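Notes to accompany the following structure.
The values are calculated or read from the model by the stated rules, or taken from the named source; none is laboratory data. Keep in mind it's a predicted model, so treat the numbers as computed, not measured. Here the Cβ positions follow ideal geometry from the backbone for every residue, glycine too, while neighbour counts run over all protein chains shown. For accessibility, only protein heavy atoms count, side chains too; no ligands or nucleic acids. Shrake-Rupley method; radii C 1.70, N 1.55, O 1.52, S 1.80 Å.
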Amino acid sequence: MNFLSKITLAAVTVSVASFASAASISGSTDFRITLPEILVLYHWDDAHLILTDVVSTPENDSNNVNREISDTTTRDLTELLGAGPYTIDGNVVNTDEPTDISSLGGSIEVTLKDSWGVRSLSAGNVTLELDNSGDRGTLINVNKQASTILTESAVLVSTGAGITGSDSTILTIPSGWNAVTGDIKFTLNLANANHSGEYNTLGSMGPALDSAGDTDTFLLTLTGTP
């Protein structure tokens, strides 16, 4: 090949290279994340209701406080002078009122307002259950074990969005990280509350220890979706 032929071939080669597309290849990465099920239960550890009585004075005994009840029946006895000892008989003094403690019908309605809260990440709805059964429902006087108060008809209450079963022992709560809060409502039965002082499930003064959870008055259990 002569010199001119070499120049011509080189020119053709450069011309082809100038118009050819550059090579290209693509790849992609798909990112995934799996969140674990997370259940968070907020709750009060101790609640103490302290009842006080209306101050009783001679001026209000027979009206406001209802502690002095007069039996207006006259009991007569006619006997000879010096024949004593004398006993005046009659019907038993009127004990019909008040018929029970503080004239409240023996029961008091109680609400533990905003006493629990729930956050959750689950595969579906979660459930919150309240247990107040058995020994949990009996409060014992710390000084007189035979004197008791019963916690009855305990239910969970919440106005959170999407909650079902309010005013019952089991709530169904939509999964979500926004906190849902609610109350515990119950009735105190005072029919057997025959002594003053503190009442609780252990029958000993003061807040229960963490280890006493098995006997606490209200047990809350939060369960997720498998």
(request) With label points built 7 Å along Cα→Cβ from the Cα atoms of Y42 and L77, find their separation and express it in nm. (result) 6.9
(message) Amide H of S175 versus every other amide H placed in the peptide plane: which residues, excluding those fewer than 5 positions away on the same chain, fall under 5 Å?
(response) N125, V126
(message) Tell me the carbon and sulfur percent of the accessible area for the stretch 171-221, rounded to whole percent, probe radius 1.4 Å.
(response) 53
(request) Express in Å², to the nearest 10, the accessible area of L49 obtained by rolling a 1.4 Å probe over the protein heavy atoms while all chains stay in place. (result) 100
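Given the Cα-Cα distance of S166 and F31 and 0.36 nm per residue of separation, how much length would full extension add, in nm? Don't skip to the end; give the middle numbers.
Details: separation 135, 0.36 × 135 = 48.60 nm, distance 4.03 nm.
Residue separation times 0.36 nm, minus the Cα-Cα distance, leaves 44.6 nm.
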(message) Apply the Karplus curve 6.51 cos²θ - 1.76 cosθ + 1.60, θ = phi - 60°, to the phi angles in the stretch 153-158 and return the couplings in whole Hz, x for Gly and Pro.
(response) 6, 6, 9, 9, 10, 7
(message) Not counting ligands, DNA or RNA, and with a 1.4 Å probe, what is F218's accessible surface area in Å² rounded to the nearest 10?
(response) 50
(message) Can you list residues from other chains, or at least 5 along the same chain, whose modelled amide H is less than 5 Å from the amide H of S107?
(response) L190
(message) Residue by residue through the stretch 187-201, what is 3J(HN,Hα) from phi via Karplus (6.51 cos²θ - 1.76 cosθ + 1.60, θ = phi - 60°)? Round to whole Hz and write x for glycine and proline.
(response) 10, 8, 9, 9, 4, 10, 8, 9, 9, 7, x, 7, 10, 7, 5
